[in-house]
Amino acid sequence: MRTRMGAKMANKRLMCDLRSVGLFCSSYHKKIPTALRRHSRALCEQEEVMSIHQFDIFADYFQLYLMDDGADDDTSEIWTDKALDLKLAVAKNTVAVGTYRNVDVNFELEVLESEPQVDLNEWDHASLGFVSFPSGRCAVYGCTDYLPDAKRIGLPKGNYALLSLAKGLDSITVEWEPADDLYKVILWPSDSNDWKSLKRYEIT
């Protein structure tokens, strides 16, 4: 019961925080000068494509972002009812992943050459989405992170389908205590615009 109540409380806070912070995140990152963005890109090491990248991200306001390095998306209204249900918000060049804790969380990003075969029985929550990376560089960061310092990965330019996954959610008691939750996004080249739930985590 403690686990379910903790997850339920975290989910309610997630829905409230995601909506209230959308405008803040959008305004915060748009204040970063274009020249500074370009400078930060030049300092980043080129990552190997078609690989797995692991992160420990501060998921402030229950969210983390993947954004094309040249994006200027307005994320102020990105968390619609559908996005909240999927725990996945999409814009043209930006994706926001909803988490169940607003502390440091483990996150994996995998870039593949083709659509993967994933056993959803191994995951608690799964949503399908899409994004475009026209610059060939993807910034990975938490909502309140300083964008020029965000980790970048290199990947082929173009459109991608994505699978957003979460597991270990039953290990959450209260959002600030240690847990075994893991969040993962898999990207592969595709022109698909599918944005839907594949598996929904039910809190009882």
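Step by step: first the residues of the range 155-188, then only those that are among the β-branched types (Val, Ile, Thr) and in a strand (DSSP E or B), then the one that is nearest to Ala96 (Cα to Cα). Which residue is that? Checked the range 155-188; the qualifying residue nearest to Ala96 (Cα to Cα) is Val185.
Only one of the numbered conditions (1) under 26 Å from Pro156 (Cβ atoms); (2) of a type outside the set (Gly, Ala, Ser); (3) at pLDDT below 95 is violated by Val95, and that is (3).
Against the test of being among the basic types (Lys, Arg) and assigned to a strand (DSSP E or B), the options Arg101, Arg152 yield a single qualifying residue, Arg152.
Is one or more of the residues making up the range 121-129 touching a Phe, Trp or Tyr at 6+ places or on another chain (Cβ under 7 Å) and within 19 Å of Asp72 (Cβ to Cβ)? No, every residue in the range 121-129 fails to be touching a Phe, Trp or Tyr at 6+ places or on another chain (Cβ under 7 Å) and within 19 Å of Asp72 (Cβ to Cβ).
With respect to Tyr160, determine if the residue is surrounded by 18 or more Cβ atoms within 10 Å (Cβ to Cβ), touching a Ser or Thr at 6+ places or on another chain (Cβ under 7 Å) and under 15 Å from Ile52 (Cα atoms).
Numbers: surrounded by 18 or more Cβ atoms within 10 Å (Cβ to Cβ): yes; touching a Ser or Thr at 6+ places or on another chain (Cβ under 7 Å): yes; under 15 Å from Ile52 (Cα atoms): no.
Taking the combined requirement at face value, the residue does not satisfy it.
I'd like to know if the range 149-170 contains one or more residues that are within 23 Å of Lys199 (Cβ to Cβ), within 18 Å of the chain's Cα centre (by Cα) and of a type in the set (Lys, Arg). Looking for residues that are within 23 Å of Lys199 (Cβ to Cβ), within 18 Å of the chain's Cα centre (by Cα) and of a type in the set (Lys, Arg), one finds at least one in the range 149-170, hence yes.
Mind checking which residues of the range 157-172 are touching a residue at least 60 places away in the same chain (Cβ under 8 Å) and touching a Pro at 6+ places or on another chain (Cβ under 9 Å)?
Scanning the range 157-172 gives a single hit, Ser171.
Here Thr144 meets each of (1) at pLDDT 95 or above; (2) surrounded by fewer than 16 Cβ atoms within 10 Å (Cβ to Cβ) with one exception, condition (1).
The values are calculated or read from the model by the stated rules, or taken from the named source; none is laboratory data. These numbers come from a predicted model, not from an experiment. Cβ sites come from the backbone with ideal geometry, for glycine too, and all protein chains shown count toward neighbours.
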